[in-house]
1. Only residues that are open to solvent by 40 Å² or more (accessible area, probe 1.4 Å), out of contact with any Phe, Trp or Tyr (no Cβ under 6 Å at 6 or more places or on another chain) and modelled with pLDDT of 90 or more: list them for the stretch 581-622, please.
2. List the number of the failed condition for Val525; all other conditions in (1) outside any strand (DSSP E or B); (2) in contact (Cβ under 8 Å) with a residue 40 or more places away in the chain; (3) of a type in the set (Val, Ile, Thr) hold.
3. Tell me which residues, restricted to the stretch 584-622, are of a type in the set (Phe, Trp, Tyr) and either in contact with a Lys or Arg (Cβ under 6 Å, 6 or more places away or on another chain) or under 23 Å from Gln383 (Cβ atoms) (or both).
4. Only one of these conditions is not met by Phe467: (1) open to solvent by 30 Å² or more (accessible area, probe 1.4 Å); (2) of a type outside the set (Gly, Ala, Ser); (3) assigned to a helix (DSSP H, G or I); (4) under 23 Å from Arg566 (Cα atoms). Which number is it?
5. Give the number of residues within the stretch 541-577 that are farther than 22 Å from Val444 by Cβ and touching a residue at least 40 places away in the same chain (Cβ under 8 Å).
6. Answer yes or no as to whether Ser362 is farther than 20 Å from Leu282 by Cβ and exposed (fewer than 15 other Cβ atoms within 10 Å of the Cβ).
7. Scan Pro332, Pro323 and give me the residue that is touching a strand residue (DSSP E or B) at 6+ places or on another chain (Cβ under 8 Å) and either surrounded by fewer than 22 Cβ atoms within 10 Å (Cβ to Cβ) or within 16 Å of Ala194 (Cα to Cα) (or both).
8. Can you pull out the residues in the stretch 402-446 that are touching a Pro at 6+ places or on another chain (Cβ under 6 Å) and over 24 Å from Gln89 (Cβ atoms)?
Amino acid sequence: MMPNTYSSDYSGRHPRQRQRQRPRRGMMGFLLRWALLVGVGVGLAGALYGVHLDRVVRAKFEGKRWALPARVFARPLEIYVERPLTPEQLDAELARLNYRQVADPAADGTYNRVGGRFLVYTRSFRFWDGEEPGRLLELDLKDGRVTALRDLSDGSAPALVRLEAALIASIYPTHNEDRVLVKRKDLPDLVVKALLAVEDRNFFRHSGVDPRGIVRACYHNLRAGGVVEGASTLTQQLVKNFYLTDDRTMARKLNEAYMALLLEWRYNKDDILDAYANEIYLGQDGSRGIHGFGLASSFFFNRDLDELGIPEAALLVGLVQAPSSLDPRRFPEAALKRRNLVIDIMVRDGVIATADADRAKSAPLGLRDGGGRPTGEYPDYIQLVRRQLQRDYRDEDLRSEGLRVFTTLDPLIQSVVETALPKRLRELEKSHGMRVGTLETAAVVTSVANGEVLALAGGRQAGYAGFNRALDTVRSIGSLVKPAVYLAALSNPKRYTLTTSIPDEPYSLRIGGDLWSPQNYDHSVHGPVPLYQALAHSWNLATVNLGMSIGVTEVAETLYRLGAQRHIVAVPAMMLGSVSLSPLEVAQIYQTIGAGGYRVPLRAIREVMDANGRPLNRYPLAVDAVVDPRAAYLTGWAMQQVVRQGTAKWLGDRLPRGLTMAGKTGTTDDGRDSWFAGFSGDKVAVVWMGRDDYKPTGFTGGTGALRLWAEFMLAIPNEPLAQSPPDGVVLSGACGHFGVPYITGSGPAGSECADKDEIRSAAKRSDAPKGDTDGVPPVAARPAMAAAPVPAPKPKPPTDNPFLSNL
């Protein structure tokens, strides 16, 4: 037997085999080394990317999470014994605040009415000056007044209570997203348990991603033949909504999972639930997105989240899956089916009992309109609010989100104005054979004492966000300027009293090549007339003679003192209304007269609070004594005669017993503009009526605007004018005029019966222009005031503040 010339190793492999294995081992080692390097590189890149994602997660989650809108509120309804209030008005206010009428009010936001007796369970509300608690009130209303007010919660009889302020607008800083923030401790257990049963059963056991949940969701969905459970955890859903887009890509899903793990690592479960409950998108209201369970509860059911029962909670949780296709208002059958499926899941997981589920599934959807929305549309008023925010507050303060703006809007008065204007306009158009819609109007109602704008209409169509005539239509005011002429005269009591005889006779003045010869409206001449009679009947010739005797510059100065801000050309025609102002500017002038010479800047904003309840600092609003209160009282008395016996006698004939008012009609050439401005003891109102194309209307102030003014002013509560004159004014009589007020020392005798020739010569001795246009006095400069109504900060540059972007 020949020996084996080939030796073998311990493994029995041939040497040539060993030689062939060596290159293979070298190749594998090479690949392993490269794989290790690649793995280290990928791991390092993943770690660095994780650091980046962690910064993204923390930056938004720990910073300002949401762009909250500014909430704008009307003035609250204040209730006290003897307050003028009808049962119908209180009913309307409670409806505006979304109170529910029930047999036995036992929860916030409910009430019961039997005739004039109300039981109202109010909601608590945080005002600028403190918290108004919720309580059970008993009110009795009789003869248009509150006759009794009791707090059944403690048996007391409060002097005054406030209902919560009605939300009238939301000003959105970005994206038109809206939400009502709800803290984790305020989330009802029913909602939380239903949410977890449907969306994430292992929420408190996983770390952001739940593989077991994915398998279980697939199983349940296959059994149900449709999607009944989601595979993403709540944390992943939050990441998708909070940080990412809806792109259906693998990269987005990987980012979602990675960020969910980081979010769970950084924050606890309650923080994540809190964010989810406020971020989740649940529907659409026009251009406004409904985010979070807090707002959704109000939007769909007009109830607070903690007031929801099983069917309502199940409906909201069901919407999480597909808010658009399950919208209960657009697709009620689909929403009902989804709600009942959620109820079945709640039974399966032991959240509710079967008997409760059966009752819940038999309940209707229970949707209610009006929730989560402003109560009414007030675009004209909100436009004024925006302008005054910019005027009175610093831009940097207004950049704070979640502001609460408390306005002076009185919804009861606003509602009356919005109803009255189109109603009376249609009647006037019909009486003159006009096509409906030919005439337009604007109205402003303010308080006398503090200048609060109570109501504002920028046109005949309420809620229409178009041209705001109350703020921006600048038209000749006609005879509305005349009270300023007579006030200027009465401010010189040694020369003029209410019974001073002034000539209602022709007056001519040549200016350049033109002869200015004004006439009375009826082309008549009345000769010497008492001063107050000239104003009551709006005689142009008497006014011109009086104005020229005191000087056009003094009349212009008086207008400035009363509150006119616009440039005024001081020429003789100014005294008959060549001055052009907006209705809001006219309201400022008449507020000063009505307040006895105290000018209070008109304001639509009472207070602004930030999201933490702190009031914002505002530029100061000064109250100025700008004219002699004695002269203001005499002027107001003369304006009462306008209503009693003059051009507004139509109104005087309709005033209820005990109510006194003062006012002035205004008409421009060819009846292009019809005006009425007047005041009661507590309210000022101005109405303009005309055409947007500036064509004649055929109406005077007395036949047009006065009728609109009376339509709403006689339908709202008013206090009579004060009958007691101020210090320095006495009642006397002269020249047959008895009961006429005089400034002490001006006396009822003497110059008040002066010969008309003396008055005429006084006019000629004034600073009236003579000859050509070079003799016309220069335009009056705006007078310097000791305290301007609003300090004039430097003009603001164009702002990129979204809050003010629509100004």
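1. Selection gives Tyr598, Arg603.
2. Val525 satisfies every listed condition except (2).
3. Tyr590, Tyr619
4. For Phe467, the exception is condition (3).
5. Final tally of qualifying residues: 23.
6. In short, yes.
7. Selected residue: Pro323, the only one of Pro332, Pro323 that is touching a strand residue (DSSP E or B) at 6+ places or on another chain (Cβ under 8 Å) and either surrounded by fewer than 22 Cβ atoms within 10 Å (Cβ to Cβ) or within 16 Å of Ala194 (Cα to Cα) (or both).
8. Ala442
The values are calculated or read from the model by the stated rules, or taken from the named source; none is laboratory data. Here the structure is a predicted model, which means the values were calculated and not measured. Here the Cβ is made from the backbone with ideal geometry for all residues, glycine too, and neighbour counts use every protein chain on show. Areas reflect the complete protein model, heavy atoms only, side chains present, ligands, DNA and RNA absent. Shrake-Rupley method; radii C 1.70, N 1.55, O 1.52, S 1.80 Å.
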